[in-house]
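The values are calculated or read from the model by the stated rules, or taken from the named source; none is laboratory data. This one's a predicted model, so the numbers in the text were calculated from it and none came from an experiment. Note that each Cβ is placed from the backbone with ideal geometry, even for glycine, and that neighbours are counted across all protein chains shown.
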Amino acid sequence: MKTRVAPDGTRLALCTCTAAAVFGLLAGGSGASAAEWKPEKPIEIVALNAPGGGSDRIARILVKVLTERRLVPVPVNVVNRPGGGGAVAYSYINQRAGDGHILALGGRAILTNHIAGQGPSYNDVTPVVMLFDEYISVTVKPVSPIKSGKQLIEFMKRDPTALSFGIATSLGNPNHQGVAAAFKAAGLDIKKMKSVIFSSGGAASTAMLGGHVDVVPISVAFGASLLRNGQVRIIAVSAPQRLPGVLADVPTWREQGYDAVVSTWRCLFGPRNMSEAQTAYWEGVMRRVAATDDWKNELALNYWNSALMGSAEARKHMARDNEGVKIFLTELGLAR
């Protein structure tokens, strides 16, 4: 520290030093406060569909791990806000902008829906933590005359309107793409598909078992759970190679002659204007979740491919993915 030679030089230097020290303490205290956040009231994990759907199932598994492992200091609850292919849920969380106490369990459909003009952009909310990727299974009733993906496409070639498809929860989303990509590879006109939209994969599957629709593409996790109970036949999966366990006998689309690989990522989204401290908190929590045996067992049981990413990396990943999705949906005539 420099001082001036003056009658009151020493006093001036001392005052400057004291002021700097006080300022440093205040700045340091403020910085520490800004860098730290933790929840002070109950957490809501919002599922984008009705109970039984993919988002709902994943949200409840996550809440179970968070609660049983006591990874957060407050209660955590699942709230279902189905509708609009996720638009209702995203609108719901955005009513609490900047609040780190509410998160939505969303996925890749936020890209497809926005491109199709049916919902918000990923930039309208806060990508908090990317969790994992999963593939799509194509299901029919056990008594269905359709016994393979190849046979399904032969049916569609004869009459594209002969079969109805139960899609959760919007046209163009990854479930829809789980069959659409194969149809496109086979040279079929996807726009001629007869599709019925449902609020969840559970609702679509119930409708299929009741004879109201013929084919339902759903996540491999949900499809595997129905297969274990003998409720469905799975005629194809959208994975690059066969999956293990109960799905070991199910051929991929590629094996059946159609180069169609479709996966969907799952992500925790927060409302717009969340702070870096809030996203950092949840990144830390999810790293601890990912390290538990409970979560690792769920990954294996549900055929989920771990893809843990923090907020900044997740946002970059979505920006890249968005471009590819836009091209695909444009080819299908669904982009707006």
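Here is a list: Val72, Val88. Which entry is farther than 29 Å from Gly172 by Cα, out of contact with any strand residue (DSSP E or B) (no Cβ under 6 Å at 6 or more places or on another chain), among the hydrophobic types (A, V, I, L, M, F, W, C) and buried (at least 16 other Cβ atoms within 10 Å of the Cβ)? Before the answer, list the steps.
Numbers: Val88 fails: farther than 29 Å from Gly172 by Cα.
Going through Val72, Val88 in turn, just one is farther than 29 Å from Gly172 by Cα, out of contact with any strand residue (DSSP E or B) (no Cβ under 6 Å at 6 or more places or on another chain), among the hydrophobic types (A, V, I, L, M, F, W, C) and buried (at least 16 other Cβ atoms within 10 Å of the Cβ): Val72.
Quick one: would you say Leu243 is hydrophobic (A, V, I, L, M, F, W, C), under 29 Å from Ala319 (Cα atoms) and in a loop (DSSP other than H, G, I, E, B)? Spell out the reasoning first.
Values: hydrophobic (A, V, I, L, M, F, W, C): yes; under 29 Å from Ala319 (Cα atoms): yes; in a loop (DSSP other than H, G, I, E, B): yes.
Judged against the criteria, Leu243 is a match.
Among the residues of region 278-306, what is the count of those that are assigned to a helix (DSSP H, G or I), touching a residue at least 24 places away in the same chain (Cβ under 8 Å) and small (Gly, Ala, Ser)?
Counting residues in region 278-306 that are assigned to a helix (DSSP H, G or I), touching a residue at least 24 places away in the same chain (Cβ under 8 Å) and small (Gly, Ala, Ser) gives 1.
Could you please find all residues in region 282-297 being surrounded by fewer than 19 Cβ atoms within 10 Å (Cβ to Cβ) and not β-branched (Val, Ile, Thr)?
Gly284, Arg287, Arg288, Ala290, Ala291, Asp293, Asp294, Lys296, Asn297 - these are the residues of region 282-297 that are surrounded by fewer than 19 Cβ atoms within 10 Å (Cβ to Cβ) and not β-branched (Val, Ile, Thr).
Please state which one of Ser263, Ser306 is of a type in the set (Gly, Ala, Ser), in contact with a Pro (Cβ under 9 Å, 6 or more places away or on another chain) and closer than 26 Å to Thr139 by Cα.
On the way: Ser306 fails: in contact with a Pro (Cβ under 9 Å, 6 or more places away or on another chain).
After applying the criteria, what remains is Ser263.
Have a look at Arg96, Arg108 and point out the one that is closer than 22 Å to Phe328 by Cα and not assigned by TED's automatic domain parsing to the domain that holds Val237.
Values: Arg96 fails: closer than 22 Å to Phe328 by Cα.
Just a single option satisfies the conditions, and that option is Arg108.
State all residues of region 224-253 that are small (Gly, Ala, Ser) and in contact with a helix residue (DSSP H, G or I) (Cβ under 8 Å, 6 or more places away or on another chain); if no residue qualifies, say none.
As a first pass, look at region 224-253 and keep what is small (Gly, Ala, Ser): 224-225, 230, 236, 238-239, 245, 248.
Within region 224-253, Ala224, Ala236, Ser238, Ala239, Gly245 meet the criteria.
Could you count how many residues in region 170-202 are surrounded by 18 or more Cβ atoms within 10 Å (Cβ to Cβ) and either in the same structural domain as Lys326 (by TED's automatic domain parsing) or among the β-branched types (Val, Ile, Thr) (or both)?
2
Could you grab me the full set of residues in region 144-170 that are free of Cβ contacts under 8 Å to residues at least 40 places away in the same chain and in a loop (DSSP other than H, G, I, E, B)?
Step one: of region 144-170, the residues free of Cβ contacts under 8 Å to residues at least 40 places away in the same chain are 145, 154-162.
The answer is Pro145, Asp159, Pro160, Thr161, Ala162.
Answer yes if at least one residue in region 109-124 is within 13 Å of the chain's Cα centre (by Cα), of a type in the set (Gly, Ala, Ser) and in a helix (DSSP H, G or I), and no otherwise.
yes
Check Ser121, Ser137, Ser195 and return the single one that is under 30 Å from His317 (Cα atoms), free of Cβ contacts under 8 Å to residues at least 24 places away in the same chain and not aliphatic (A, V, I, L, M). Break it down into steps so the answer makes sense when it comes.
On the way: Ser137 fails: free of Cβ contacts under 8 Å to residues at least 24 places away in the same chain; Ser195 fails: free of Cβ contacts under 8 Å to residues at least 24 places away in the same chain.
Result of the check over Ser121, Ser137, Ser195: Ser121.
Step by step: first the residues of region 253-277, then only those that are outside any loop (DSSP other than H, G, I, E, B) and in contact with a strand residue (DSSP E or B) (Cβ under 7 Å, 6 or more places away or on another chain), then the one that is surrounded by the fewest Cβ atoms within 10 Å (Cβ to Cβ). Which residue is that?
We begin by selecting, within region 253-277, every residue outside any loop (DSSP other than H, G, I, E, B); these are 263-270, 276-277.
Subsequent filtering for residues that are in contact with a strand residue (DSSP E or B) (Cβ under 7 Å, 6 or more places away or on another chain) retains 263-270.
Values: Ser263: 19, Thr264: 22, Trp265: 21, Arg266: 22, Cys267: 26, Leu268: 26, Phe269: 29, Gly270: 27.
Only one residue tops the list, namely Ser263.
When both residues are 6+ apart or on different chains and their Cβ atoms are under 7 Å apart, which pairs have a first residue that lies in region 323-336 and is more than 10 Å from Leu111 (Cα to Cα), and a second that is polar (S, T, N, Q) and part of a helix (DSSP H, G or I)?
Leu329/Thr112
Looking only at region 225-240, filter to residues that are assigned to a loop (DSSP other than H, G, I, E, B), touching a residue at least 12 places away in the same chain (Cβ under 8 Å) and on the phi < 0 side of the Ramachandran plot; which one of those is surrounded by the most Cβ atoms within 10 Å (Cβ to Cβ)? Before you say what the answer is, go through the steps one by one.
First pass over region 225-240, keeping only residues assigned to a loop (DSSP other than H, G, I, E, B): 229-232, 238-240.
Adding the requirement that they be touching a residue at least 12 places away in the same chain (Cβ under 8 Å) leaves 230-232, 238-240.
Cutting the leftovers down to on the phi < 0 side of the Ramachandran plot gives us 231-232, 238-240.
Working: Gln231: 16, Val232: 25, Ser238: 27, Ala239: 22, Pro240: 12.
The extreme case among them is Ser238.
Residues checked against (1) more than 16 Å from the chain's Cα centre (by Cα); (2) more than 16 Å from Glu298 (Cα to Cα); (3) not β-branched (Val, Ile, Thr):
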position: Ala47; (1), (2), (3): no, yes, yes
position: Val74; (1), (2), (3): yes, yes, no
position: Asn94; (1), (2), (3): yes, yes, yes
position: Leu103; (1), (2), (3): no, yes, yes
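Can you name every residue in region 168-182 that is modelled with pLDDT of 95 or more and out of contact with any Phe, Trp or Tyr (no Cβ under 6 Å at 6 or more places or on another chain)?
Step one: list which residues in region 168-182 are modelled with pLDDT of 95 or more, which gives 178-179, 182.
If the condition is that a residue be modelled with pLDDT of 95 or more and out of contact with any Phe, Trp or Tyr (no Cβ under 6 Å at 6 or more places or on another chain), then Gly178, Val179 are the ones that fit.
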